[in-house]
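*Asks:* One structure is given below, represented as structure tokens, and several questions about it will come after.
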Amino acid sequence: MTHQVHAFEPPERFVAGTVGEPGDRTFFLQARGGGRVISVALEKGLVSLLAEKLEELLAEAGRRFGVDLPETSPLAVNDNEPLDTPVDEEFRVGTLGLAFDVDTTTVVIEAIEAGEGDAEVELDDDEDEDDEDGPADDEDDEPDDDLDRLRVRLTPEAARAFIDRARRVVAAGRPPCPLCGQPLDPAGHLCPRHNGYHR
């Protein structure tokens, strides 16, 4: 079966968002452009990790290539809108790849479908100096060849806007318990620091 590459280079909009109530949220990356909207599901931890690694990639691009990077993005302030509906899950993400294209001064993010044998997810963080086709992937990594992908190409400003929104989305969940750090449900939770009593 042939895989699909959903490419948005660049997208009109690329955001992280959620569907559902805190404690029962599903996280998505959503790209819109050219009359298409593609949504892929992923774990909350991957959204947080993607924001962190994007931040590192932008800083490294600034150090190595002298790229002028925005401290904050005006786009982030404006885009607090929910995900475009209907949110139809195209696939669940198993691997994320990052690259920086020096020629176009853009960040390339690739979300790759989870394969059946995926035991864990990993984030590749590579500067893509010569490859104009997208993120630098291991050529020998054959299992990924038949997996669907979402590929977006962002300016540093758009990447900064994505980072800021992704961090807000992750932080908007249930507040942590001040004693154990686990998420608090509206009805409280069984706190291990209180020997299992409700807090």
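*Asks:* Pop the C-beta distance of residue 81 and residue 55 into the FRET formula with R0 = 22 Å and round what comes out to the nearest 0.05.
*Replies:* Working: r = 23 Å, r/R0 = 1.04.
It comes to 0.45.
*Asks:* In addition: Roughly speaking, what is the stretch gain from residue 168 to residue 65, that is 0.36 nm per residue apart minus the C-alpha to C-alpha distance, in nm to one decimal? List each step's numbers first, then the result.
*Replies:* Working: separation 103, 0.36 × 103 = 37.08 nm, distance 2.89 nm.
Extra length from residue 168 to residue 65 when fully extended: 34.2 nm.
*Asks:* Under a point spin-label approximation (7 Å from Cα along Cα-to-Cβ), what is the residue 157-residue 36 distance to one decimal in nm?
*Replies:* That separation, rounded to one decimal, is 2.5 nm.
*Asks:* Quick one: length gained pulling residue 194 to residue 145 fully straight, 0.36 nm per residue minus the C-alpha distance? Working shown, then result.
*Replies:* Details: separation 49, 0.36 × 49 = 17.64 nm, distance 4.98 nm.
That pair, residue 194 and residue 145, stretches by 12.7 nm at full extension.
*Asks:* Any chance you could check the Cα centroid distance between segment 1-45 and segment 87-105 for me, in angstrom?
*Replies:* If we compute the Cα centre of each part, the gap is 10 Å.
Only the coordinates and a few stated rules stand behind these numbers; no lab work does. What you see is a predicted model; the values in this text were computed from it and never measured. Cβ: placed from backbone, ideal geometry, glycine included. Neighbour counts: every protein chain shown.
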